[in-house]
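Student: Below you'll find the structure I mean.
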Amino acid sequence: MRYLICAVLVALSSACMAIVVAGQQAQTGGQEGVQQLDYRNMSPEQRAAATRAFLGLGSVPNKVAAGRGAPLYVKNCAFCHGRTARGATGPSLITSDQVLADDHGEHLAPFLKKGIPEKGMPAFAGMSDQQLTDIAELLHLQVEDVANRGAYQVVNILVGNPAKGKAYVEDHCMSCHTAGTFDHIATRFHSPEQLQRNWVWPARGAEMTADVNTSSGAISGRVIQVSDFRIALVDSSGRAHAVDRGPNVIVKIHDPLAAHQEMVMTLANGDMHNVTAYLETLK
């Protein structure tokens, strides 16, 4: 069974902080000390497999069969559903229940053979089971391309100006960091892609903490969940507290990544490439 989940995680508002905290804990093993491979440092193949498991995307599409199915799809289906199955005069097949409920054509091939003529979907009774299965694999590959962003591979991101990147770092980063922070930074990551991801949004080291003042008193501790409506934290004794946020609740959050969060709001694409190009020279 395939489930297409389109999730955009934007850690730029307090409503999304709970997701960020949970994600960072998952990367570092959480409080139980269970060590898991950091998504940032995975190879493209590992990222694709991890994302596939997380989203419940089902079986891996057969790319060889999809290759055979591509010309069949173009000839018989593209005029209605578009060349990439995203829709044209007919609906997109990327979110089709018929497609998502199938794995390797076991359901989709019989459906295509019968069609739904009364609704404008022709029957493809003249095509063999293998041909219909190949079309099914092509559709699953299109779903994979949309849903599994872990499979995306960057060819080259070193397109910036290192001198301009150095100037940006000196103007925007040195109020929090020292020159030693960037010593040999490029050697700490397997690729420029990983380097860029980590300097834009570093893995959380120090935990997010908060001071919460309510009509019942004050609470301070490590944040385990926060949104626009509620904050949960653990105090120094290990006791958990959950507080609904309202007019009489004052919350002051201490986030080590706050400066990066502010930076992302104004970071231009050119500046990002320039800084990455500069940091890649620091080996």
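Bear in mind that the values in this text are calculations on the coordinates, not laboratory data. Please read all numbers here as calculations on a predicted model, not as lab measurements. Note: ideal-geometry Cβ built from the backbone for every residue, glycine included; neighbour counts use all protein chains shown.
Student: If r is the Cβ-Cβ distance from Arg149 to Met263 and R0 is 25 Å, what FRET efficiency results, to the nearest 0.05?
Tutor: On the way: r = 23 Å, r/R0 = 0.91.
That pair, Arg149 with Met263, gives E of 0.65.
Student: For the pairs Lys164/Lys252; Lys63/Lys119; Lys75/Lys114, flag any whose C-alpha to C-alpha distance is greater than 27 Å.
Tutor: Distance filter (> 27 Å) returns Lys164/Lys252; Lys63/Lys119.
Student: Explain nothing, just compute: Karplus ³J(HN,Hα) = 6.51 cos²θ - 1.76 cosθ + 1.60, θ = phi - 60°, for every residue of segment 210-227 in order, whole Hz, x for Gly and Pro.
Tutor: Rounded to whole hertz, the list is 7, 10, 10, 10, 10, 5, 8, x, 10, 9, 10, x, 7, 6, 10, 7, 8, 8.
Student: Still on this structure: Under a 5 Å amide H to amide H cut-off, with H placed in plane at 1.01 Å, what residues pair with Gly221 once short-range neighbours are removed?
Tutor: Excluding prolines and chain starts, which carry no amide H, the hits are Ala210.
Student: May I pose another question? For segment 181-190, what does the Karplus curve 6.51 cos²θ - 1.76 cosθ + 1.60, with θ = phi - 60°, yield as ³J(HN,Hα) per residue in whole Hz, taken in order and with x for Gly and Pro?
Tutor: Computed from phi, the couplings for segment 181-190 are 4, 9, 4, 6, 4, 5, 7, 7, 10, 6 Hz.
Student: Could you please report the charge total around Val60, scoring K, R as +1 and D, E as -1 over all other residues with beta-carbon less than 9 angstrom from its beta-carbon?
Tutor: Around Val60, the charge tally is +1.
Student: List, in order, the whole-Hz ³J(HN,Hα) value for each residue of segment 158-175 obtained from phi through the Karplus relation with A = 6.51, B = -1.76, C = 1.60 and θ = phi - 60°; use x for Gly and Pro.
Tutor: Per residue, the Karplus-derived 3J(HN,Hα) values read 8, 10, x, 9, x, 5, 5, x, 4, 5, 5, 4, 5, 7, 10, 10, 6, 6 Hz.
Student: Quick one: net charge around Gln142, please, counting Lys, Arg +1 and Asp, Glu -1 for every other residue with C-beta under 11 Å from its C-beta.
Tutor: Local net charge: -1.
Student: Rounded if a/c is under 1.5, else prolate if a/b is larger than b/c, else oblate: which is segment 63-147, with a ≥ b ≥ c the root eigenvalues of its Cα gyration tensor? Present the calculation step by step, with values, prior to reporting the outcome.
Tutor: Numbers: a/c = 1.32, a/b = 1.08, b/c = 1.22.
Taking the square roots of the gyration eigenvalues as a ≥ b ≥ c, segment 63-147 is rounded.
Student: What is the set of long-range amide H partners of Leu282 at a cut-off below 5 Å, with H atoms built 1.01 Å from backbone N?
Tutor: Ala186
Student: Going by amide H atoms built from the backbone, whose H comes under 5 Å of the H on Gly87, apart from near neighbours?
Tutor: Amide H to amide H, under 5 Å and 5 or more residues apart or across chains, Gly87 pairs with Gly82, Leu93.
Student: Determine the principal axes of the Cα atoms in segment 209-254, then give the extent along each, sorted from largest to smallest and rounded to whole angstroms.
Tutor: Extents along the principal axes, in whole Å: 27, 20, 17.
Student: Now a separate question. Sequence neighbours fewer than 8 away in the same chain don't count; with that in mind, list the lysines whose C-alpha is under 16 Å from Lys283.
Tutor: Output for Lys283: Lys166.
Student: Next question. Quote to one decimal, in nm, the extra length available between Thr281 and Asp244 on full extension: 0.36 nm per residue of separation minus the C-alpha distance between them.
Tutor: Residue separation times 0.36 nm, minus the Cα-Cα distance, leaves 8.5 nm.
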